[in-house]
Structures are given as C-alpha cells and as structure tokens.
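The values are calculated or read from the model by the stated rules, or taken from the named source; none is laboratory data. Keep in mind that what you see is a predicted model, and the values were worked out from it rather than measured. Because the Cβ atoms are built from the backbone with ideal geometry, glycine has one as well, and the counts that use them run over all protein chains shown. Ligands, DNA and RNA are stripped out before the accessible areas are found, and what is left, the full protein with its side chains, is counted by its heavy atoms. Shrake-Rupley method; radii C 1.70, N 1.55, O 1.52, S 1.80 Å.
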Amino acid sequence: MTLSADVAPDQDRKGPGRPRSARVDEAIVEAVFDLLSAGQSADAISIEAVAAKAGVGKATIYRRWPNKEALLIDAVTAMKGPLPELRGESVRDDLITLIAAMRNKRMTDYGKVTACLMPELYRNPEMTRVHQAVSEPRRELMRSVLRRGIESGELRADLDIEMMLLCLSGPTIAQNMLRWNPNVPDEHFAEHLVDFVLRGAHA
C-alpha cells in the first residue's frame with residue numbers, strides 16, 4: 001500500500017495531542033512487507049527504501065519508530081493479525097479453525113516475509129523475544145482447546161500438549177514458508193492435518 005500523490009506531506013504532521021494516521025502506519029508496514037517479499041533481507045532494508053516504497057518522507061517514519069529494529073518488530077506484530085474466533089463446540093472444529101487461519105492467503109503471503117526475517121530472528125534476541133510474544137497468544141488459544149478436549153474426555157488424559165502444538169503448527173508453518181512438501185495439496189489442508197494428528201490423540 002503506497003499513499004496516493006494527492007495526500008499533502010503536511011497532512012500527516014502531528015500537532016500536540018493529535019493521533020497519528022493509521023493509514024500512514026499501514027502504508028509503512030506494508031512497504032516493509034513488500035521489500036521483504038521481493039527478496040531483500042532485513043539487514044539490507046533501509047528507512048530510505050521503506051519511505052520511498054510507502055510514498056512518505058523519512059521524517060514521517062522516524063516520528064513513529066525510533067529505528068529500523070522497532071519498525072520490524074511492529075511489522076511482525078501486524079503480520080499475525082487478530083486471533084480467530086472459536087465456536088467452542090468441537091475440539092476438531094476449533095483446531096481446524098486455528099490451522100485454517102494460519103493457511104489463509106494473507107498468512108501464506110506473510111510466510112514468505114517470515115522466511116526473509118529468519119536471519120534477523122536468529123541474530124537479534126529482541127526480535128526473537130517479540131516474535132515469541134506475538135506468537136504466544138495463538139499457542140495459548142490452541143492449548144485451551146486441547147485442555148478442553150482432555151477435560152471432556154475427547155482427548156487422551158496423558159496428551160503432551162506442547163508436543164501436540166508442535167505437531168499441528170510445525171507442518172503448517174513449513175508449508176506456508178517453504179512449500180516443504182509439494183505433494184501435500186493445499187485444498188482441505190487444515191482438515192487433513194487435524195484429522196491425521198488427532199488419530200494419535202483421541203481418547
């Protein structure tokens with residue numbers, strides 16, 4: 001998303017107490033995604049390049065983020081989006097909803113961005129910490145579904161919840177980021193994965 005040419009530069013300037021423009025924020029974060037998706041590493045991306053891609057001035061970015069690392073952290077947060085709503089009626093259905101939310105078009109596109117961010121996550125402890133913090137609410141939501149299944153008797157009482165999270169999320173992330181196994185079809189991926197994993201977890 002690039003700001004249109006008819007937006008005057010001064011229009012984004014904040015006065016005292018004036019909230020910053022969400023539209024400008026979105027354009028800047030999308031510019032980061034576009035540059036990463038195009039194959040640039042996090043190290044190679046500059047504030048100048050982001051500003052040019054978003055159609056804003058460098059000062060506009062620095063009014064919002066003190067440095068590139070802070071901008072990347074916010075981009076990772078925005079990439080995850082809101083948590084999916086669960087019906088709470090069936091463990092299987094709720095797990096499918098969670099996996100499907102990781103496999104929608106938006107998350108598949110952002111999987112490419114995450115792949116480009118991986119070197120930064122390895123090198124930068126702060127980026128790793130933030131990425132874990134952003135991912136934790138989704139893990140906890142899946143944990144709550146699995147705990148409910150254990151309590152209701154749908155799932156085994158001795159189920160290793162953390163390993164179950166890994167078995168469900170790992171293949172999804174691998175397919176999103178790397179298309180790791182091209183022989184696994186995209187259609188009904190969530191249903192097939194959940195059913196496959198649940199075979200060993202059912203009570």
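Here are the numbers for this structure:
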| read-out | value |
| --- | --- |
| Accessible area of region 31-166 belonging to carbon and sulfur atoms, whole % at 1.4 Å probe | 56 |
| Accessible area (Å², per residue) of the chain, counting only protein heavy atoms and a probe of 1.4 Å | 56 |
| Given charges at Cβ of Lys, Arg, Asp, Glu: the chain dipole, positive-most of Thr60, Leu178, Val197 | Thr60 |
| DSSP H segments from the chain that extend 18 Å or more along their own axis, Cα-based, with Kyte-Doolittle mean of 0.5 or above | 22-37, 68-80, 161-178 |
| Prolate/oblate/rounded label for region 49-94 (Cα gyration tensor, a/c 1.5) | prolate |
| FRET efficiency, Glu154 to Tyr122 (Cβ-Cβ, R0 25 Å, nearest 0.05) | 0.10 |
| Accessible area of Val91 in the full protein assembly, 1.4 Å probe (Å², nearest 10) | 0 |
| DSSP loop GluC sites (Glu not before Pro) with at most 11 other Cβ within 10 Å excluded, longest remaining stretch of the chain | 90-186 |
| For region 107-176 and region 18-50, distance of Cα centres in Å | 25 |
| Cα gyration tensor category, rounded, prolate or oblate, for the chain with a/c compared to 1.5 | prolate |
| Number of Lys pairs (Cα under 26 Å; 8 or more positions apart or on different chains) in the chain | 14 |
